[in-house]
Amino acid sequence: MNWKSYYRAELEQPAARAKIEAWLSAAPVAVGGVAARGILSFPHTALGYAGPLQARVARALAETPGVERVLALGVLHGSVLAPYRRALDRSGSPAQRAEAFAAVRGGFLSQRPDADTPFGPVPTWRPGPAEVVREDDALLRAEFSLDTFCAVLRVAADALGRRPLPVCPVYVGMTRDPVDGSFAVAEALGNWLGDAVDAGTALVATGDLVHYGTGYGAPWLGEDIVATDALERALAPWVDRTLEAAFVARDWAAAYALSRDKLGNDQREMLAALSSYLGPATPAVLAFGLSDYSTILGERPPCVVASTLAAYSRCDAIAVR
């Protein structure tokens, strides 16, 4: 599946702009997740599922006083990248895996002056590359995790009669060393975020916190749990457990293992970096639902992806409403 083309085609549908405008109009404002250097986390699932949640984030960014720019952390989907696969391949030698890890570790920036959307460009900005954050357009050629969000930001600006907020998209690759399990890269990325995020910068992140069922592995909850509401009740506590491990206990190894082995959480490489940046923090799931991908992928149910809006807040931050 070429996800970049798939999600672009969704945005190019004639009714897409009107849908996004309606979601923006109805969106409540989640001010607390933007203030006090907190992080709002949103999904990048199909437009009908992710759009309303991304609209909440876009409206919060637009209506929070003092927000001048956005640093958006995207997911670097590694399944299409050969070095990513080699780094995870336990049949390779430690030296081979370390070499592959070096090619995909840390964060990645594009050199493009703006983010292209079907509704017009969104300007980009850069804090500047560092050892842990590099420019690599070739690596990002097929990446899609922030495409819909940039489009929603552009529609939000048009609807409110404002200039689009400049965005710095940073795609997070590997932060856990696949050979020794250490999180030094995550800590380095967290330190870079601490330098990059100033008083006028809002930090947001994308991630689909669950990939479950056919197409994503054996349905470990049991073959008989197929209904969406039953799956939501069963999977939501595992999401809570994973986020608490990352941000409350700060047990990054446990959060990574739960993300990889239970949830198929594509923030598994991001959570430790976000925790390192925030310090002691509290996660709050503001909306949790499952997107049905069985038809999209041509798989039998259950085949679901979580569309989750979450806030990761410093312990002394304002509660999110």
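The values are calculated or read from the model by the stated rules, or taken from the named source; none is laboratory data. Every value quoted in this text rests on a predicted model; they were computed, and no experiment measured them. Note that we place each Cβ from the backbone using ideal geometry, even for glycine, and neighbour counts take in every protein chain shown. These accessible areas exclude ligands, DNA and RNA; they are computed on the full protein's heavy atoms, side chains included. Shrake-Rupley method; radii C 1.70, N 1.55, O 1.52, S 1.80 Å.
What number of residues within segment 207-230 are over 23 Å from E269 (Cβ atoms), open to solvent by less than 50 Å² (accessible area, probe 1.4 Å) and touching a strand residue (DSSP E or B) at 6+ places or on another chain (Cβ under 6 Å)?
So the count comes out to 2.
Of A142, A62, which residue is within 27 Å of G289 (Cα to Cα) and touching a Leu at 6+ places or on another chain (Cβ under 8 Å)?
Exactly one of A142, A62 is within 27 Å of G289 (Cα to Cα) and touching a Leu at 6+ places or on another chain (Cβ under 8 Å), namely A62.
Would it be correct to say that A246 is touching a helix residue (DSSP H, G or I) at 6+ places or on another chain (Cβ under 6 Å) and farther than 17 Å from G173 by Cα?
When the stated conditions are applied, A246 passes them.
Go through (1) open to solvent by less than 40 Å² (accessible area, probe 1.4 Å); (2) without any contact (Cβ under 8 Å) to a residue 40 or more places away in the chain; (3) outside any loop (DSSP other than H, G, I, E, B) for G92 and report which single condition fails.
G92 satisfies every listed condition except (3).
Hey, does segment 130-142 have a residue that's small (G, A, S), in contact (Cβ under 8 Å) with a residue 60 or more places away in the chain and surrounded by fewer than 24 Cβ atoms within 10 Å (Cβ to Cβ)?
The answer is yes, given that some residue of segment 130-142 is small (G, A, S), in contact (Cβ under 8 Å) with a residue 60 or more places away in the chain and surrounded by fewer than 24 Cβ atoms within 10 Å (Cβ to Cβ).
Quick check on my filter: what residues within segment 103-118 are crowded, with 20+ Cβ neighbours inside 10 Å and of a type in the set (A, V, I, L, M, F, W, C)?
Scanning segment 103-118 gives V104, F108, L109, A115.
Within segment 170-203, how many residues are of a type outside the set (F, W, Y), crowded, with 17+ Cβ neighbours inside 10 Å and within 30 Å of E63 (Cβ to Cβ)?
Number of matching residues: 10.
May I ask you to verify whether V67 is at pLDDT below 95 and open to solvent by 50 Å² or more (accessible area, probe 1.4 Å)?
no
Residues being modelled with pLDDT of 95 or more and of a type outside the set (S, T, Y): count how many of those fall in segment 210-219.
Of the residues in segment 210-219, 3 are modelled with pLDDT of 95 or more and of a type outside the set (S, T, Y).
Can you list residue pairs whose Cβ atoms sit under 6 Å apart, with the first residue in segment 158-173 being touching a residue at least 60 places away in the same chain (Cβ under 8 Å) and the second being charged (D, E, K, R) and part of a helix (DSSP H, G or I)? Count only pairs 6 or more apart in sequence or on different chains.
Within 6 Å, the pairs are A159/E21.
For segment 302-315, how many residues meet the condition of being crowded, with 17+ Cβ neighbours inside 10 Å and either touching an Asp or Glu at 6+ places or on another chain (Cβ under 8 Å) or of a type in the set (A, V, I, L, M, F, W, C) (or both)?
9
Of all the residues that make up segment 263-301, how many are surrounded by 18 or more Cβ atoms within 10 Å (Cβ to Cβ) and in a helix (DSSP H, G or I)?
9
If you check A249, A254, which single one turns out to be among the hydrophobic types (A, V, I, L, M, F, W, C) and not in a helix (DSSP H, G or I)?
Only one candidate passes the filter, namely A249.
Every residue, every condition in (1) over 30 Å from C303 (Cα atoms); (2) β-branched (V, I, T); (3) in contact with a helix residue (DSSP H, G or I) (Cβ under 8 Å, 6 or more places away or on another chain), yes or no:
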site	(1), (2), (3)
V179	yes, yes, yes
A188	yes, no, no
N191	yes, no, yes
V197	yes, yes, yes
V210	no, yes, yes
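Every residue, every condition in (1) farther than 22 Å from P166 by Cα; (2) modelled with pLDDT of 95 or more; (3) open to solvent by 40 Å² or more (accessible area, probe 1.4 Å), yes or no:
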{"residue": "R17", "(1), (2), (3)": "no, yes, yes"}
{"residue": "I20", "(1), (2), (3)": "no, yes, no"}
{"residue": "S41", "(1), (2), (3)": "no, yes, no"}
{"residue": "A50", "(1), (2), (3)": "no, yes, no"}
{"residue": "Q54", "(1), (2), (3)": "no, yes, no"}
{"residue": "A60", "(1), (2), (3)": "no, no, no"}
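Among the candidates Y49, Y84, which residue alone is among the hydroxyl-bearing types (S, T, Y) and under 17 Å from R176 (Cα atoms)?
So the residue among Y49, Y84 that is among the hydroxyl-bearing types (S, T, Y) and under 17 Å from R176 (Cα atoms) is Y84.
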